[in-house]
Structure formats: structure tokens, C-alpha cells
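Before any comments, here is the structure.
The values are calculated or read from the model by the stated rules, or taken from the named source; none is laboratory data. This structure is a prediction, so every number in the text was calculated from the model and none was measured. Reconstructed Cβ throughout: ideal geometry from the backbone, glycine too, with neighbour counts over all protein chains shown.
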Amino acid sequence: MKNYIIIIFLFASLLGFSQNPNRTFESFTYDNNVLEIKVNDGAYKITPYSENIVETTFIPNGENFNENSHAVVLKPQHVKSELLKSDASYELKTTGISVTVQKKPFQISYSYRGKPIISEKMGYVKNDSLETIQFNLEKDEIIYGGGARALGMNRRGHRLQLYNRAHYGYETHSELMNYTMPIMMSSNQYMVHFDNAPIGFLDLDSKKDNTLTYETISGRKTYQVIVGDSWTDLIDNYTDLTGKQPMPPRWALGNFSSRFGYHSQKEVAATVQKFRDERIPLDAVIIDIFWFGKDIKGHMGNLEFLKDSFPNPTQMIKDLKADHVNTILVTEPFILTTSKRWQEVVDKDVMAKDSVGNPYTFDFYFGNTGLIDIYNPKGKTWFWDIYKGLAEMGVTGVWGDLGEPEVHPSKLLHATGTADEVHNIYGHDWAGLIAEGYKADFPNERPFILMRAGYSGSQRFGMIPWSGDVNRTWGGLQSQPEIALQMGMQGLGYMHSDLGGFAGDNQDAELYTRWLQYGVFQPIYRPHAQEEVPAELVFWDAKTMAMAKKSIELRYRLLPYNYNLSFQNHKKGTPLMRPLFFEDDSEALKTEASEYFWGDDFLIAPILKSQVTEKEIYFPKNGNWFDFYTNEKFEGGKRVTVKVAEDQIPTFVRGGAFIPMAKPMQSTKDYDGNTFELHYYYDASVLESEGQLYNDDGLTADAYEKGHYELMVFSSKVSAKEIEIELSTDIGSDYQSQTKSIELVLQNISVKPKSVKIGRKKTDFTYNKDQKTTTIPLKWNTSKELKLNIKLK
């Protein structure tokens with residue numbers, strides 16, 4: 001009886017006391033799982049997509065239902081549901097999420113397995129300039145979401161503008177950045193996605209009256225409520241709704257050479273050669289705007305190599321490829337009126353228009369320009385033909401810059417409507433254009449699409465976003481974990497920063513070193529900056545270069561672990577970087593971004609301030625943690641002050657974890673998935689554990705779906721006297737697996753084992769007393785399971 005009273009009280013607190021007094025219930029229909037409620041000023045259409053997702057649309061009188069979503073790709077599934085009726089309400093009930101429609105006063109509320117989630121407050125209201133949808137919040141909810149911002153993890157109390165806009169040189173605070181999203185996520189483990197493209201605002205209780213309000217200039221009055229049994233489950237459900245991220249090419253997890261910018265073919269070749277001379281791993285070079293013009297201004301839109309500076313680009317790209325270096329070129333959606341292609345795009349009707357049908361031109365930093373209308377089939381085809389030609393030349397990556405778009409006048413008209421109606425989805429649809437082009441013309445290739453602006457669901461195009469023009473300061477570094485963690489929660493698992501910082505001429509070796517150390521454990525390893533201070537470590541002093549080289553070498557050694565994170569993200573939407581509250585529900589962690597999980601098994605504490613010699617670390621509960629460098633053991637659930645070294649950041653591994661590591665290499669092309677180290681972190685308190693390693697050729701699109709893969713699974717069972725380790729494999733239908741050469745390293749073994757057996761046969765091993773490691777060389781035919789027994793006593 002007490003539990004029942006508590007639930008009733010929670011519902012009452014969620015419903016609040018503020019209803020829409022002008023909305024009255026009139027009638028309902030229920031057909032094929034869809035509940036339609038007619039009210040005096042319109043109709044509600046409520047559709048369950050699954051037991052974890054329900055969509056609600058309000059259609060005002062005089063308007064038609066618009067079923068086109070730019071974000072959603074999931075089709076409503078056949079969900080087992082029922083409609084429970086009473087004199088006072090209707091409840092559309094599934095085995096998970098349920099929607100209750102109270103007749104008088106009119107009210108819509110949501111629950112999950114009997115637990116209240118959220119309710120409409122005023123619901124839909126049209127004001128003079130904006131249309132709004134309003135909800136009740138609980139007073140203690142912490143709110144995440146809204147896209148990329150630097151506000152602290154708890155974004156409650158802010159009215160966030162939904163208008164993608166670059167913030168040059170930001171540091172610890174940025175209310176508006178390149179990539180906004182109409183998403184609210186609650187510490188109560190649910191999310192609301194407002195499924196509408198036009199610009200507006202997301203008000204996260206700015207008036208401190210426990211109210212969530214979505215505000216927009218026009219469009220759909222549609223939102224989805226999404227729930228899950230865990231944070232990873234919630235994100236899995238959301239990315240089912242909006243699309244899963246395809247796996248990037250494996251080389252995308254390597255090191256990039258990039259700056260603003262390389263002025264010539266000669267400069268590109270010399271820079272790459274310096275990496276090779278210094279034996280620093282490298283997989284890609286990014287060439288900024290000087291590939292099509294000598295100067296910063298006046299040439300944007302040429303989109304062809306400037307022969308004076310790049311006399312033989314095809315040979316350059318071929319030579320780089322022979323050296324295992326991929327070429328990525330910047331492109332922008334602006335065609336300047338001074339560019340070589342201006343008359344061509346006018347003649348071919350490529351550009352967005354003004355009110356009388358002429359190309360809309362305007363001034364911005366780079367010159368007088370127009371904007372490619374990717375919503376016009378002619379513009380879309382023309383733009384893709386540029387990319388297709390570059391891909392045929394050998395270019396393997398696309399960098400889409402300024403895609404907010406950076407300047408997008410409200411009076412500009414696209415083929416489908418106004419600038420403000422498509423502003424926030426321009427980058428999204430630009431990435432979609434490229435992804436669709438690759439599927440049509442290069443169906444076996446994985447595209448690399450680097451962009452700084454997009455929308456809900458852009459991950460499904462393979463978009464890899466970065467956090468914009470961050471200042472090259474400690475303040476700039478401090479905001480980066482928050483931005484990446486928040487975006488990963490919202491489906492964009494590859495959000496990353498320009499390592500070292502982009503804006504300004506601050507040459508700080510310590511800052512550069514710490515940023516690159518953090519980069520080892522962020523999704524993409526890409527130093528990039530204005531050229532006053534070098535972005536590439538090969539142009540720094542010997543000490544800085546040596547420490548940065550150490551970071552990059554570790555990044556490459558972790559390639560198999562990181563590639564498996566890409567597989568997890570592809571299958572479940574799970575971010576590569578994860579907040580501590582994903583596992584530990586301690587209240588203080590709900591706003592914590594100074595530490596995070598890297599995948600399942602690493603705990604990372606980046607150094608975000610100067611001259612740090614020690615740092616207090618919180619070790620998540622329900623397990624023990626081992627220092628990655630010293631193997632010192634730390635008990636979970638405690639805060640401990642640890643010493644901080646100059647050449648690495650605090651890094652810890654979960655007890656019981658399996659960490660696959662590669663041998664040293666100079667590029668991912670050298671990676672051999674048949675030869676690797678497998679480190680097992682023995683912890684007597686972890687009686688059973690499991691790890692995995694996904695492998696394919698690193699290039700084929702949809703390799704997993706085509707059966708062109710192998711998935712190795714490692715498991716352990718621990719008792720007082722022995723450790724049992726088992727290796728097994730799921731081999732895809734179109735994959736020829738090979739015998740593996742594995743160096744199995746058991747960490748934290750304080751006494752030399754009595755024996756090691758494979759099956760019933762003893763095998764050789766080596767024991768290092770000082771490092772407390774046992775190393776076992778293995779040859780494994782993956783068509784069979786391999787079982788080891790390590791006798792400890």
C-alpha cells in the first residue's frame with residue numbers, strides 16, 4: 001500500500017497544477033496501435049514505435065499531418081499494446097512505455113513500467129512568434145542535451161537557442177556552438193526528442209518553475225519520448241530511432257597531420273616525410289583551403305587543385321597512398337562570385353535563390369558568395385559530382401567545413417523552403433548527400449565524413465563531428481570532455497576536438513602535450529590549428545615531440561581495443577567516451593566530466609590545468625581499478641590522490657578486463673589482426689569476466705552485415721587456486737579466419753603460477769616477478785575454442 005501511495009504522489013508532482021485551461025477532450029479513435037485524440041483546437045496522434053519509444057504529434061485545426069522526419073528512420077513496429085478506458089482517462093499501454101490521456105482537465109503523461117516519466121504542462125501553444133510545447137519537470141532532475149555546448153554537464157536553467165552557429169575561440173563557456181540538437185535527456189534516464197527541423201529554442205527550466213519548453217518558428221509539433229533500462233540501453237533505443245553509425249575505415253582511428261593550412265604539394269610531401277623520418281605513426285593528411293587558392297579570401301568554390309601550388313595532385317595522392325597516408329580535402333558549400341565556377345553554378349541552377357529567383361548573394365569573411373542549394377536536385381547532383389571526381393582521383397576523406405551554414409541569411413530561399421526552416425539540417429543533409437553518393441558509386445567503400453554541424457541522427461551517415469574553433473588555451477581544453485560526453489549521449493559517438501587547440505598563437509608546450517595525451521582517449525586523433533603555432537608534433541622542440549610521440553604510439557597500440565569500440569558503437573550506439581554515471585549512480589557523478597570511461601574498461605582522468613603534479617581520482621564503485629602504467633591497485637567507490645607524471649595522464653583499467661593491444665606500427669595499414677597481445681587484468685574478486693575483439697578488413701562498407709568479419713570472445717573464471725581462460729570466435733559467413741599468434745599477458749600475478757595448461761597439455765610461459773606478469777605465447781586456430789588453465793596454488 002505504501003508503494004502505491006508513493007507512485008500516486010509522484011504522478012501528482014509530475015502533472016503539476018498548471019494545465020491548459022482552453023483545451024477540452026472531444027473524442028478518440030484507436031486503430032492499428034495508433035491512438036488519435038480529438039480536442040477542441042486540433043488532434044493528437046500517439047504512436048508507439050516500440051516498448052521503449054512513443055511518438056506524439058499535435059495537429060492544430062486547419063493543418064495537415066506532416067509525416068516527414070529528417071531525424072527518424074525507424075518504422076513503427078508491431079508493438080503489443082492495449083487501450084485501457086475509464087470515465088476519466090484513456091491509457092495506451094505497452095509492456096514498457098505507456099501514455100495516459102486524462103480528459104478533464106486535459107493532460108497527457110508518460111510512464112515506464114508503472115513509473116512516471118514526464119507529462120505535458122500546457123502542451124502545444126501558439127504564441128505571436130513561436131509555437132511551443134511545454135512539459136512538467138521534477139524539481140531535482142538534472143538535464144543534459146541540446147547538442148554541443150560548453151555549459152557544464154547539467155544544462156538545466158538555460159534557454160538554449162537552436163541555431164547552428166560557429167563560436168570562434170571559445171573556452172570554458174559557450175551557449176551556442178556549431179551543432180545544436182532538439183534533445184533533452186534526464187538524469188531519470190529518459191529522453192525527449194523534438195522531431196522538427198526549423199530553428200527555435202530549447203528552454204530547460206530557465207524560469208526555475210520546473211518547466212521544459214520547446215519553441216520553434218514553424219513545422220511539426222512532433223516529439224518522441226524514449227526510455228531504457230540503463231544509459232547504454234537508452235542510447236541504443238534512441239539510435240534505433242534515428243540510425244546507427246556505420247563503422248569508419250580503420251585508418252580513421254590513426255594519427256592525422258593537419259593545419260590551416262598546407263600551401264603546396266611540396267609542403268604536404270615534406271611534412272609527411274618528416275613524420276616518417278621521426279618514426280611517428282601517421283595515417284592521413286588533411287589539406288585545407290589552399291588546395292584551390294593561394295590566399296584565404298577570394299577563391300572558395302573553385303574546388304579544383306591550383307596547379308601553381310599543386311602541379312600534379314593525382315601523383316601526390318598516389319604517392320601518399322603508397323606511403324600508407326590517406327588524403328582528405330576541405331570543401332565548403334559556398335561558391336564565391338569571384339571563383340572560377342561562379343558562372344557554371346549560375347548556368348546550372350545550383351545556387352539558393354532570392355525572392356525573384358536569382359542566386360542569393362551576400363558578403364562574409366571569405367568574400368561575396370552564394371550557397372549551394374542541396375535541396376535542389378540540380379545542386380545536389382552538381383555537388384556530388386565534385387566529390388565523385390575527387391574520389392576517383394584517390395581522395396579518401398571528405399572534410400565539410402562551415403556547414404552550419406556559417407552565414408545563412410533568413411531571406412535566402414531553398415528549393416524546399418526558407419533558410420530558417422532548413423538551417424539546422426543543412427549540415428545533416430550535406431553529410432547525407434555524400435553518404436548516399438558513396439553508396440551509389442562506391443558501394444564497397446566506407447566514407448570518412450568530417451563535419452562540424454549537423455542534426456539529430458547525423459550519425460547514420462557516418463558523420464564524424466568536431467567541436468569547432470576552440471581556443472588554444474587551458475580553458476579551451478577544459479570544455480572538451482564535456483562536449484564529447486554530451487554529444488556521445490545524443491548519438492554522435494565520434495565528437496572530438498582539434499588536438500592542441502585551434503584559435504590563437506599561444507605556443508604552450510605543456511598545454512599541447514596534455515591535449516595530445518587526452519587525445520589518445522578521444523574518438524579521433526587529429527591535431528589541427530592555425531599555422532602561427534604548429535599543430536604537428538614534428539615541428540615542436542625535441543622534448544615536446546618525444547612526449548607527443550609516446551602518446552601517438554600508445555594510440556596505435558590500442559588500435560584493436562579502439563576498433564572494437566567502433567563496433568560497439570555501430571551495433572548499439574554506445575559512445576566511445578562515457579560518463580561515470582553510466583555505471584555509478586553516486587549523486588555527485590551526475591554532473592562530472594573531469595573523468596570518464598573510455599569504452600568498457602578504461603578510466604581516464606585528463607589533465608586540464610597547468611603544473612598539475614597530483615590529482616584526486618574517484619574510482620567508480622562495484623570493482624577495483626589498476627594503474628595502466630604501474631599496476632597499482634585502487635578500490636572502487638573511493639577518492640584517492642595520485643601522483644601525475646609529465647609524460648602521461650592518469651589511466652586505469654578495470655579489474656577482470658581483457659585489453660587487446662597491437663604491436664608497434666607506422667600506420668594502420670601495418671596492422672595485422674592475426675597477431676596481437678591480450679592483456680588480462682587479474683583480480684581475485686572478479687570471479688567471471690568477458691571481453692571481445694571485432695576484426696574485419698577495415699575498409700569494406702557494411703562488413704559485419706555482409707558476414708565479412710570475425711568476433712573473438714575472451715572469458716575468465718577465477719577461483720582461489722586457478723584461473724580459467726577461454727577463447728572463442730564468431731566467424732562471419734564471408735570471412736576466412738586465420739590462425740592467431742597471441743601473446744597472452746596476465747597482469748597482477750603476485751606469485752609464479754604452478755603450471756599453465758592448454759586443454760590437458762602443459763605449455764611454456766614466462767613469469768616476471770618485478771612486473772607481476774605471466775606471459776603465455778599462443779597459437780590459436782579460431783575454428784576451435786581454446787581453453788587455458790592457470791594453476792596459482
Matching residues in the stretch 514-559 - criterion: being among the hydrophobic types (A, V, I, L, M, F, W, C) and more than 24 Å from the chain's Cα centre (by Cα): V533, L537, V538, F539, W540, A542, M545, A546, M547, A548
Test: residue in the stretch 354-376 that is over 29 Å from the mean Cα position of the chain (by Cα), surrounded by fewer than 21 Cβ atoms within 10 Å (Cβ to Cβ) and acidic (D, E): yes
Residue satisfying all of: in the stretch 300-339; among the charged types (D, E, K, R) and in a loop (DSSP other than H, G, I, E, B); surrounded by the fewest Cβ atoms within 10 Å (Cβ to Cβ) among these: D308
Answer residue from the stretch 487-510, given it is part of a helix (DSSP H, G or I) and more than 23 Å from the chain's Cα centre (by Cα) and is surrounded by the fewest Cβ atoms within 10 Å (Cβ to Cβ) among those: A509
Residue match in the stretch 709-725 (condition: surrounded by fewer than 13 Cβ atoms within 10 Å (Cβ to Cβ) and farther than 21 Å from I776 by Cβ): no
Residue match in the stretch 226-238 (condition: in the same structural domain as E63 (by TED's automatic domain parsing), over 21 Å from the mean Cα position of the chain (by Cα) and either assigned to a strand (DSSP E or B) or closer than 20 Å to I108 by Cα (or both)): no
Qualifying residue in the stretch 415-435 (condition: out of contact with any Ser or Thr (no Cβ under 6 Å at 6 or more places or on another chain) and in a loop (DSSP other than H, G, I, E, B)): yes
Hits in the stretch 243-270 - residues which are of a type in the set (S, T, N, Q) and out of contact with any helix residue (DSSP H, G or I) (no Cβ under 7 Å at 6 or more places or on another chain): S258, S264
Strands (runs of 3 or more DSSP E) enclosed by the stretch 662-744 - at least 2 residues per element that are of a type in the set (A, V, I, L, M): 710-718, 722-731
Residues of the stretch 684-698 that turn out to be under 13 Å from I659 (Cβ atoms) and touching a residue at least 60 places away in the same chain (Cβ under 8 Å), as a count: 3
Residue count for the stretch 533-544, restricted to those that are within 17 Å of F260 (Cβ to Cβ) and either modelled with pLDDT under 95 or among the small types (G, A, S) (or both): 1
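Here is a yes/no grid of residues against (1) over 30 Å from H496 (Cβ atoms); (2) modelled with pLDDT of 95 or more; (3) in a strand (DSSP E or B); (4) out of contact with any Asp or Glu (no Cβ under 8 Å at 6 or more places or on another chain):
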residue: V79; (1), (2), (3), (4): yes, no, no, no
residue: S98; (1), (2), (3), (4): yes, yes, yes, no
residue: I117; (1), (2), (3), (4): yes, yes, yes, yes
residue: K121; (1), (2), (3), (4): yes, yes, yes, yes
residue: G145; (1), (2), (3), (4): no, yes, yes, yes
residue: R155; (1), (2), (3), (4): no, yes, no, yes
Matching residues in the stretch 739-780 - criterion: being of a type in the set (K, R) and within 21 Å of F628 (Cβ to Cβ): K769, K772
Qualifying residue in the stretch 753-771 (condition: in contact (Cβ under 8 Å) with a residue 12 or more places away in the chain, closer than 30 Å to A435 by Cα and not in a loop (DSSP other than H, G, I, E, B)): no
Residue that is surrounded by the fewest Cβ atoms within 10 Å (Cβ to Cβ) [pool: residues in the stretch 530-578 that are under 20 Å from W598 (Cα atoms), of a type in the set (A, V, I, L, M) and in contact with a Leu (Cβ under 8 Å, 6 or more places away or on another chain)]: I552
Strands (runs of 3 or more DSSP E) wholly inside the stretch 591-637 containing at least 1 residues that are touching a residue at least 40 places away in the same chain (Cβ under 8 Å) and buried (at least 21 other Cβ atoms within 10 Å of the Cβ): 596-598, 602-604, 624-627
Condition met for Y163 (surrounded by fewer than 19 Cβ atoms within 10 Å (Cβ to Cβ), in contact with a Ser or Thr (Cβ under 9 Å, 6 or more places away or on another chain) and assigned by TED's automatic domain parsing to the domain that holds M122): yes
Residue match in the stretch 596-617 (condition: in contact with a Ser or Thr (Cβ under 7 Å, 6 or more places away or on another chain), over 25 Å from L511 (Cβ atoms) and at pLDDT 95 or above): no
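Picking from H428, H414, which residue would you name as being over 18 Å from the mean Cα position of the chain (by Cα) and crowded, with 21+ Cβ neighbours inside 10 Å? Give the steps one after another, and end with the answer.
Working: H428 fails: over 18 Å from the mean Cα position of the chain (by Cα).
Matching residue, one of H428, H414: H414.
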Residues located in the stretch 437-486, provided they are of a type in the set (D, E, K, R) and assigned to a loop (DSSP other than H, G, I, E, B): R446, R452, D469, R472
Pair list, Cβ under 7 Å, 6 or more apart: the stretch 707-734 residue basic (K, R), other residue at pLDDT 95 or above: K717/L687; K717/E688; K717/E724; K721/K791; K721/L792
